[in-house]
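A quick write-up on the structure given underneath.
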Amino acid sequence: MPSWMEEPDHQGMQPVRPVPQQRIAEKVDECMRREDYPGVERVLRYWLAEAEAGHDLRGELMILGEMVGHYRKTGEKENAHACAEKAIALIDALGYQDSLSAATAYVNIATAYHAFGETEEALPLFLRAKAIYENSAAVSPVLLGGLYNNLGLCYAALSRFEEAVGCYDRALQALHTGSDSILEEAIIWMNRACSVEGRDGAERGETAINQCLDHAEACLTSDAAVQDGYYAYVCERCIPTFEYYGCFLVASQLKERVRSIRERS
């Protein structure tokens with residue numbers, strides 16, 4: 001059904017005008033790759049108003065989840081919490097507690113909670129999403145890999161390093177099933193290196209740590225890695241870890257790439 005056509009809301013019996021969720025996600029991704037955060041907010045606020053006016057609760061849920069992720073990136077804790085609360089209320093109103101839409105919202109909310117230092121609050125939401133994703137044949141490799149990576153970060157923050165390493169391994173396995181995710185893989189390898197150190201210590205874990213760093217470097221220097229704003233963002237996340245482990249030449253080369261990208265944009 002075209003997005004402009006109305007369909008009945010069988011819960012409230014009001015006509016529903018669905019928003020174009022795929023187009024919204026693509027527009028947000030486009031803005032993110034340009035690091036246009038004001039643009040992301042404009043897109044999401046516009047379509048949230050459209051979803052509300054069209055009584056599209058499913059569209060609202062998707063957009064609120066995206067807004068939680070946006071406010072996490074911009075460090076706006078209060079806005080992130082407000083959107084998270086609305087999203088959870090919508091999940092309950094729709095009876096979506098066991099749906100993929102709910103799982104994606106749970107991941108976005110839990111990731112934000114973790115980023116704002118609320119790891120104990122984040123863990124149950126990650127585990128709820130994990131149970132849904134692992135029992136669905138429709139979940140994409142990118143979503144599954146993202147879940148495992150973020151759950152790994154949560155475990156690492158709680159000093160549960162063995163569980164963290166296991167999550168990173170499952171994240172890499174998920175992403176290898178057919179998604180174009182080389183930059184995400186670089187981040188996961190860096191996260192894995194840190195958790196190996198937490199688990200084994202720097203000396204005993206040296207070989208495994210170096211292997212993680214080599215894999216991350218290979219991802220970031222691959223011809224398949226498009227050098228755009230998102231690439232610069234990923235490099236900036238990885239550079240401090242390379243420096244921490246003494247890979248100063250790699251860090252310097254990545255800094256030069258970031259500088260070149262910034263100059264172009």
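What the table shows:
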{"item": "Ellipticity estimate at 222 nm from DSSP helix runs (n ≥ 4, -39,500 (n - 2.57)) divided over the chain, nearest 500", "result": "-25000 deg cm²/dmol"}
{"item": "Charge-dipole axis of the chain as Lys and Arg at +1 and Asp and Glu at -1 on Cβ define it, positive-most pick from Ala53, Ala251, Asn79", "result": "Ala251"}
{"item": "Global geometry of the range 140-265, whether rounded, prolate or oblate, following the gyration tensor of its Cα atoms and the 1.5 cut on a/c", "result": "oblate"}
{"item": "Amide proton proximity set for Val16, modelled H, under 5 Å, gap of 5+", "result": "Glu7, Asp9"}
{"item": "Ordering of 50-59, 34-43 by packing [mean C-beta count within 10 Å, highest first]", "result": "50-59, 34-43"}
{"item": "Net dipole in debye of the range 8-138 [+1 Lys, Arg Cβ; -1 Asp, Glu Cβ; about Cα centre; nearest 20]", "result": "240 debye"}
{"item": "Lysine pairs meeting the criterion (Cα under 23 Å, 8 or more apart or interchain), as found in the chain", "result": "7"}
{"item": "Cβ-placed point charges (K, R +1; D, E -1), dipole of the range 123-209 about Cα centre in debye, nearest 20", "result": "320 debye"}
{"item": "Sites matching trypsin sites (Lys or Arg not before Pro) across the range 170-265 that sit in DSSP coil, with at most 14 neighbouring C-beta atoms within 10 Å", "result": "Arg204"}
{"item": "Extreme residue, positive dipole direction of the range 8-138, given options Ile88, Leu64, Ala25 (C-beta unit charges)", "result": "Ala25"}
{"item": "Check: the chain dipole with +1 on Lys, Arg Cβ and -1 on Asp, Glu Cβ, in debye", "result": "300 debye"}
{"item": "Listed residues Ser140, Ala103, Gly117: farthest to the positive end of the dipole of the chain (Cβ charges)", "result": "Gly117"}
{"item": "Relative compactness, the range 8-138, computed as alpha-carbon Rg over 2.2 N^0.38 Å", "result": "1.04"}
{"item": "In degrees, nearest ten, helix 119-134 long axis to first principal axis of the chain (Cα)", "result": "70 degrees"}
{"item": "Residue-wise HN-Hα coupling along the range 205-215, computed from phi with Karplus coefficients 6.51, -1.76, 1.60 (Hz; x: Gly, Pro)", "result": "x, 4, 4, 5, 5, 4, 5, 4, 5, 5, 5"}
{"item": "Spatial separation of Cα centroids for the range 169-221 and the range 51-123, in angstrom", "result": "28 Å"}
{"item": "GluC sites (Glu not before Pro) restricted to DSSP loop in the range 117-151 with at most 16 other C-beta within 10 Å", "result": "Glu118"}
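Here, each number is a calculation from the coordinates, and none is a lab measurement. Keep in mind that what you see is a predicted model, and the values were worked out from it rather than measured. When we count neighbours, we look across all protein chains shown, and the Cβ atoms used for this are built from the backbone with ideal geometry, even at glycine.
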